[in-house]
Each structure stands twice: as structure tokens, then as C-alpha cells.
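The structure appears right after this line, and notes come after that.
We did not get these values from a lab; they are worked out from the coordinates using the rules stated. Note that the structure is a prediction, hence the values are computed from the model and not measured. Positions of Cβ are backbone-derived with ideal geometry, glycine not excepted, and every protein chain shown enters the neighbour counts.
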Amino acid sequence: MRDNTTVYTPYEVFNVQLGRRYRFRVITNSLNTCPILFSIDNHNLTVIASDGSPLEPYTIDSIVLYSGERYDIIVHTNQDVRSYWMRTSGMLLCGTLKAFQLAVVKYKGAPDEEPGGNKEWNVDTHGIQLDPLNTKTTEGFVDISQLNSTLPNDESLNEVPDRTIYLGYDFNIIDNFRSHDKELYSVHEVDAPFRRFTQQINHISTVFPPSPAQTQYSDIPTGLFCNEESMKANCTREFCQCVHVIEIGLGEVVEIFLVDEGATFNTNHPFHLHGNYFRVIALDKLNTSTTIEEVKALDAKGMIHRKLDKAPLKDSVMIHDGGFTVLRLHAKNPGFWFFHCHFQTHTEMGMGLTLQVGTPSQQPKVPKKFPKCGPWKYEGYEEEGQGSKDCPTNKECRVMMSYVVQFLMFYTIMLLY
């Protein structure tokens, strides 16, 4: 408050009864570097689903959630009749701020008093933790690849995929015209606190096309598209930017290695894929940093174990800093699917790409009179009273413009979520 008045905001209270089981869906959409540790004092959590995909029940004591993830958990209320803290503690950037929040799990018949125990930021937990932050899977820790899907195995778990794609990403130290002028204030010449690093996948910063590729593919100049194979520049030495697209054949089984090179910061990037589920078949933390070449060498020595039976299905996944995660995708849904770091600022700066499943001729047909959008260039004003030839001032146009606005709002929401 402006007058420094303290305002009491009550804790959220979940009222429960002794001896019952309650299903919670825990969701985090933190759009910054803020994994969240979730636990309930004195209670186990039984994980039964992730990102809407069912899992065989697995009992843990705490879970670290990363941006975009959703988990369904069962809480068995088998403790003494009183109130207990439900705890969320932020990590990484939120950890430096000691950010935390509390809620109350209150048993029926419990006194109207706060639970016991501290009311502070705390990431020290006991028991089994799911998906620990930047930590190798050892005793007391499990990762999502160790859980079992209840859905039948499918082609994505074939012994040998049709194709393997390696995606290495990091904050790269390179001059880009958005933040650093090579001649005036190169990233290599400014003090570290003032450097603006470049978020990239395979040394390419993605940009959004001027029109949606799904409905206006032919309106996008072909020169805007690129990938690591088509890019002629040496992107490790100069800034590369384009509509980063990787083409995948319709029906292909693709294995994707996500490699967090981790050379610049000790952080963590959760990745989210639109329009598809993938199987998580392996993940590990190797060191404070790594490379695609190091991961390939480990794989050649048979040191990467793939889970090809009951691997969990997800659409959002974490990758350890200086580590890797291996996904399997059965590309049976044609479309242009955005695949990106789920931190909004990282996506805006280029840490994303589009997986094009199928050729343009294999895409769903566009409905007649479907609204179009694209770039606009200022060319002066209409003559007074003339109005726009493209959009006459009548009811039909107003309705169409309403549809365009709704479509753009929907498209923006889909990009964020």
C-alpha cells in the first residue's frame, strides 16, 4: 500500500477429511527461470499423470516443476487431524530472491490455527524427489524417464528411429544487432554485467514469420526459412537469424537429443512442443557444460540407456544444465509445430524452432475465407471519405475484422502456452 499499511491476505485452504484420497493437479507456467519445489508437510505425493498423460502410480515426497509442466498427484490424508503446510519454493532466479508461497491442508475437525513449522523459503527436503534441479539421478532422486506410462507402446519406441536430430542450445557470446554493435560496443568488449547474450538453438536465433505458416505458407518468402544444414554462414562466428524450421516426414519416428551446452550460466531450460506428445526415453546431467560431440561420443560407447518400454508421454520437459534429454516423436500430426524454451524472454530472443511435419501438400486444407494476416507497410493516408478498398465500412467487414482479432489473440495464447 502507498501508506505502508500492512494488508493481511489469508492463505488458501484445502479442506480434507481423514482417511480419504484427494487428486490435485499442480500447474506451473512460470515464464522465467523459476523452477518450483512442491511438497506437503508429513504427506507423500503419488504421481499419476504428467501433462495430461497417465502414469503408473509412483510415490514421492516432493517434486520440482518446470515451466509449462502439469502433474496430477494423489494425496492420502492419513495423518493426525490438524493442519499442514503445502509449500512451494522458487529456485534459480526465484531462489536468489528466496521466493516462496504457502497454503494450508486442513483436516476436518482440526483447530482453527496455523500449521506448525517454519514459514520460510526452504529447498531442503527429505525422502524421494522427482526431477531434481540440475542433479544427477542418485539415491533419493528420480527423473521422469524412470516413470512408466499406462498407455500402450507405439511406433515411437521402435528399437531404431527413422532419424536422429541433435539440438544444442545455450546463451551464446556473439554480437547480434538487437543488443550489440560489433564496431561500437561488441559483446566481447563490454563488462560482463552489461553483456546481452544470444539465446540460440544450433547457433541460430529463430524469428517468427510475417504470416502463419500453417495457413499462409505460400505468402512467406522462402528465403526467410533456414536450418543448420541450409545456413551458409559460420554461425559460431557471426549472428545467424531466420525462421528456423526442421522438416520431418509425415509418419517418421524421430529421436531428438536436446543438449544444454551450459557454457555461460548455471540455469535450466524447459522445452515445450505444440501439437504433439513425445516419449521421454533418457536424460542425464554430465557436467557443468557439455557439447553435442560429447553426447554423441557417449552414445557411440553405449553409455546412454534408452527406455523403450512404457516411456512416459509429455509435451513439456526439463533438461539439466550441462546435460541432455532424449525424446522420441512419432510424427503423425501434420502441421508447423513450435518447439521452444518455455521462458518467454528466451523464446522472444530466439531459443525456439518449428518442426514442420509433412510437406505443404500434406497439411490440412484451409477453410474458405479464412482470415489472413501479414506485414503492413505505411504508404500514406487514404483520401478523406474514401475509406479502405480492402475493408469497406460495412457490417460484413466489421464481423470479419472481429474474427481476425479473435484469431490473433488465440494464436498469441497458443504461442505462450
Quiz item: Antiparallel DSSP bridges in the chain: what percent, to the nearest 5?
Solution: 75
Quiz prompt | Net charge dipole size for the chain [Lys, Arg +1 and Asp, Glu -1 on Cβ; Debye, nearest 20] | solution = 1060
Quiz item: Among S39, G374, G109, which residue has its Cα positioned farthest towards the positive end of the charge dipole of the chain, with +1 placed on the Cβ of Lys and Arg, -1 on the Cβ of Asp and Glu, and the dipole taken about the Cα centre?
Solution: G109
Quiz item: Which of (i) 39, 29, 25; (ii) 45, 22, 18; (iii) 38, 23, 21 is the computed semi-axes √(5λ) of the Cα gyration tensor in Å for the structure on display?
Solution: (i)
Quiz item: Is there a pair in K232/K301; K314/K369; K232/K296; K310/K332 whose C-alpha atoms are over 28 Å apart, and which pairs would that be?
Solution: K232/K301; K314/K369
Quiz item: Between G323, G335, N202, whose Cα lies farthest towards the positive end of the dipole of the chain when Lys and Arg beta carbons carry +1 and Asp and Glu beta carbons carry -1, centred on the Cα centre?
Solution: G335
Exercise. Arrange the following residues from fewest to most other Cβ atoms within 10 Å of their Cβ: F370, F225, F324.
Key: F370, F225, F324
Self-check item: Computed magnitude of the charge dipole of segment 300-355 (debye, nearest 20; Cβ of K, R +1, Cβ of D, E -1)
Solution: 400
Quiz item: Relative to the first principal axis of the alpha-carbon coordinates of the chain, what is the inclination of helix 395-416, with its axis defined by its Cα atoms, in degrees from 0 to 90 and to the nearest 10?
Solution: 50
Quiz item: Based on DSSP H runs of at least 4 residues, each adding -39500 (n - 2.57), what is the mean residue ellipticity at 222 nm of the chain after dividing by all its residues, to the nearest 500 deg cm²/dmol?
Solution: -3000 deg cm²/dmol
Quiz item: In whole percent, what relative contact order does the chain give with Cα contacts below 8 Å and a gap of six or more residues?
Solution: 16
Quiz prompt | Environment charge of R23, counting only residues whose C-beta is closer than 13 Å and scoring Lys/Arg +1, Asp/Glu -1 | solution = +3
Exercise. Would you mind counting up the charge near K332? Only other residues with Cβ under 14 Å from its Cβ, with Lys and Arg at +1 and Asp and Glu at -1.
Key: -2
Quiz item: If you look at just the Cα atoms of segment 155-362, how large are its Rg and its Dmax in Å?
Solution: 17.3, 55
Practice problem: Treating cross-link reach as a plain straight distance, find the lysines whose alpha-carbon is under 25 Å from the alpha-carbon of K119, omitting any fewer than eight places away in the same chain. | Solution: K98, K106, K108
Quiz item: Where a Cα-Cα gap under 19 Å defines reach, which aspartates and glutamates qualify for K182, not counting those fewer than 8 residues away within the same chain?
Solution: D191, E238
